[in-house]
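The values are calculated or read from the model by the stated rules, or taken from the named source; none is laboratory data. The structure presented is a predicted model; accordingly, all values stated were derived computationally and were not measured. Accessible surface areas use protein heavy atoms only, side chains included; no ligands, DNA or RNA. Shrake-Rupley method; radii C 1.70, N 1.55, O 1.52, S 1.80 Å.
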Amino acid sequence: MRASGNEHLSKAEWRDRVLQARAAVTPAEHAEEAAALASAAASVAAPTVCAYVPFETEPGSVALLNALVSAGSRVLLPVIPDVVGPLEWAEYTGEATLVPGRLRGIREPSGPRLGIDAVSSAGVVLVPALAVDRRGVRLGRGAGHYDRSLVAGGADLLAVVRTSELVELLPGEAHDVPMSGALTPDGVVWFPSPAVM
């Protein structure tokens, strides 16, 4: 996806390309990348980390969450609210405590909800992404949950992507929250400054 000619794609076209590429990843490749992401995640552990449970073809696995816990982090996971708005959060206490969420395929912690402001306690927020560019522009799935949930300042915001999903240029909009860097199977890539739309 690094090839030239992608600069003029719309967000919808980018989403289609990334989802097709992810669908072609073999189970062995996915497992290898998930293990590498878990190792890389341990290097960005903080007292509190907001993360998420990867689903379907998203890179990563629960091993990433366990690596953060083993590194000493308190891990908070999103809970999708019943009405459109910012995400709520609950503490991750092990895979056995994950339950089906409101949206099909998404698992959430079964423990007490900590409210929408819990994200402000995090030093690092791992953000699901289909792609991210080197300016920090993140391509999500389009629902806007994270753009409504992430607070300015404080936490390092890391888009979690496959190595090929770190690209040169994505279409961005003023409401897009810029990422501080990317967590890839090859490690963490920090971006020099916030994106300017």
### Task
Arrange the residues 121, 70, 149 by how much accessible surface each exposes, largest first, with a 1.4 angstrom probe.
70, 121, 149
### Query
Carbon and sulfur atoms: what percent of the 1.4 Å accessible area of the chain do they account for?
55 percent
### Degrees separating the helix 27-42 axis from the principal Cα axis of the chain, which is the longest one
70 degrees
### Query
Rounded to the nearest 500, what is the chain's calculated 222 nm mean residue ellipticity when only DSSP H runs of at least 4 contribute -39500 (n - 2.57) each, over all residues?
-6500 deg cm²/dmol
### Message
Given the whole protein assembly as supplied and a 1.4 Å probe, what does the accessible area of residue 175 come to in Å², nearest 10?
### Response
110 Å²
